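Colleague: Got a structure for you, questions after.
The values are calculated or read from the model by the stated rules, or taken from the named source; none is laboratory data. Just so you know, these numbers come straight off a predicted model, no measurement behind them. Cβ placement follows ideal geometry from the backbone for every residue including glycine, while neighbour counts extend to all protein chains displayed. The protein model used for the area step is the full one, side chains on, heavy atoms only, and it has no ligands, DNA or RNA in it. Shrake-Rupley method; radii C 1.70, N 1.55, O 1.52, S 1.80 Å.
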Amino acid sequence: MRRFFIEQSKIAGPTIAITGSDAAHIKRVLRMKPGAMIELFDGMGFEYEARIENLTAESVEISIARRFLSASESPVQIIVAQALLKDKKMDTLVRQLTEIGITRLIPFTAMRSVPRPDNKRLAERRKRWERIAIEALKQCGRGHVTEIGETITFNDLIKMDDECDLKIVFWENESKPISDVIQHINDRHYRKILAVLGPEGGFTEKEIEAATACGFVTASLGPRTLRAETATISACAILQYLFGDMGLKKS
Ligand code: SAH
């Protein structure tokens with residue numbers, strides 16, 4: 001279901017008007033009609049299932065069908081695309097990404113990826129990662145498990161059409177920090193972020209060029225070259241702090 005941000009103060013009365021760019025998106029891009037259901041989140045720990053009642057020139061009128069607590073789910077969906085690392089590192093990463101509240105992990109093969117498992121092996125790994133994610137979920141008290149995607153190629157990854165508000169490659173040769181490459185720092189503008197992290201050998205210039213051509217921005221994680229797994233955890237913590245719930249008060 002489509003998710004939209006709504007300020008908690010707006011949730012009052014039988015119908016609520018969604019205005020601005022979200023309303024335009026619902027009407028013109030998604031072409032949703034009365035009766036369709038959407039999901040709302042308020043960034044304060046509540047989620048809502050809502051029905052579209054009416055479309056007007058300036059707004060989309062909705063009614064709330066259900067409200068539920070999402071205390072442990074982040075208001076931002078962070079999808080991590082991780083170049084395949086050695087087995088042990090991937091196992092640890094799956095656990096840690098689940099704890100940090102990552103929505104989905106997409107492993108991919110980069111030009112300099114060292115592990116090149118065959119399909120049978122990859123299917124086994126995926127099952128294993130799914131088990132690890134569920135175990136980690138129970139421990140950290142999240143409501144939704146980190147989805148584990150199929151392993152894809154770098155080319156398929158950058159062409160993936162996933163309607164992300166921000167597509168970012170953390171690149172060891174970039175000098176600009178994240179605050180320099182995006183405009184809406186520290187607001188709720190970004191609801192779905194795709195973060196791409198490279199293999200132990202780093203990205204090639206060609207990969208970066210191709211990603212940039214597909215609308216990705218590149219950002220640095222500071223002056224030190226981090227090991228791949230350190231970089232991924234750091235990047236996710238930064239994103240979750242800036243756009244998600246790591247900087248929010250615990251209820
Ligand atoms: N072998 C490379 C480093 C690769 S580190 C070299 O020596 O230059 C593995 C991945 O971690 C990188 O592809 C990148 O995605 C991320 N990474 C590590 N340090 C980073 C930094 N300072 N800024 C941004 N990304 C970084």
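Colleague: Restricting to the range 1-133, compute how many DSSP beta bridges are antiparallel as a %, nearest 5.
Modeller: 70
Colleague: Whole angstrom only: what separates the Cα centroid of the range 1-49 from the Cα centroid of the range 200-236?
Modeller: Each part's Cα centre sits 34 Å from the other's.
Colleague: With the Cα gyration tensor of the range 182-251 giving a ≥ b ≥ c as the square roots of its eigenvalues, does the rule (a/c under 1.5 for rounded; else a/b larger than b/c for prolate; else oblate) give rounded, prolate or oblate?
Modeller: oblate
Colleague: Determine the sum of side-chain charges near E147: Lys and Arg each +1, Asp and Glu each -1, restricted to other residues whose C-beta is under 14 angstrom from that of E147.
Modeller: Charge balance near E147 sits at +2.
Colleague: Give the calculated FRET efficiency between E130 and R3 to the nearest 0.05, with a Förster radius of 30 Å applied to their Cβ-Cβ distance.
Modeller: Using R0 = 30 Å, I get an efficiency of 0.85.
Colleague: Then there's this: Given only helices, namely DSSP H runs of n ≥ 4 each adding -39500 (n - 2.57), what is the per-residue ellipticity at 222 nm of the chain, to the nearest 500 deg cm²/dmol?
Modeller: Computed ellipticity for the chain at 222 nm equals -9000 deg cm²/dmol.
Colleague: At most 12 other Cβ atoms within 10 Å plus a DSSP loop assignment makes a site exposed; report the longest stretch of the chain without any exposed GluC sites (Glu not before Pro).
Modeller: 59-149
Colleague: Note the angle between two axes, namely the Cα long axis of helix 87-100 and the longest principal axis of the Cα atoms of the chain, as a number of degrees from 0 to 90, rounded to the nearest 10.
Modeller: Approximately 20 degrees, to the nearest 10.
Colleague: Quick query: amide H of R3 versus all other amide H atoms, modeled in the peptide plane; which residues come in under 5 Å with a sequence gap of 5 or more or a different chain?
Modeller: E39
Colleague: At most 15 other Cβ atoms within 10 Å and a DSSP loop assignment: could you name the trypsin sites (Lys or Arg not before Pro) in the range 63-100 that fit?
Modeller: K86
Colleague: For a test of the definition: using alpha carbon positions, the gyration tensor, and the 1.5 limit on a/c, classify the range 3-69 as rounded, prolate or oblate.
Modeller: Prolate.
Colleague: OK, next. Quick check: net charge around K27, other residues with Cβ under 12 Å of its Cβ, Lys/Arg +1 and Asp/Glu -1?
Modeller: 0
Colleague: If r is the Cβ-Cβ distance from K206 to E147 and R0 is 22 Å, what FRET efficiency results, to the nearest 0.05? It would help to have the intermediate numbers written out before the result.
Modeller: Numbers: r = 29 Å, r/R0 = 1.32.
After rounding, the FRET efficiency stands at 0.15.
Colleague: Now for a different question. Taking the simple approach of a point 7 Å from Cα along Cα-to-Cβ for both K159 and D118, what is their distance in nm?
Modeller: In this crude spin-label approximation the distance works out to 2.6 nm.
Colleague: By the gyration tensor of its Cα atoms, with a ≥ b ≥ c the square roots of the eigenvalues, what is the shape of the range 133-238: rounded for a/c under 1.5, prolate for a/b over b/c, or oblate?
Modeller: rounded
Colleague: While we're on this one: Rounded to the nearest percent, how much of the accessible area of the chain (1.4 Å probe, protein heavy atoms only) is carbon and sulfur?
Modeller: On the chain, the fraction of accessible area on carbon and sulfur atoms equals 49 percent.
Colleague: Sticking with this structure for a sec: If you count only protein heavy atoms with a 1.4 Å probe, what accessible area per residue comes out for the range 40-153, rounded to a whole Å²?
Modeller: Spelled out: the 1.4 Å probe surface of the range 40-153, per residue, equals 49 Å².
Colleague: Ok, one more. For the chain, find the longest principal axis of its Cα atoms and tell me its angle to the long axis of helix 119-140, 0 to 90°, nearest 10.
Modeller: Between helix and principal axis, roughly 60 degrees.
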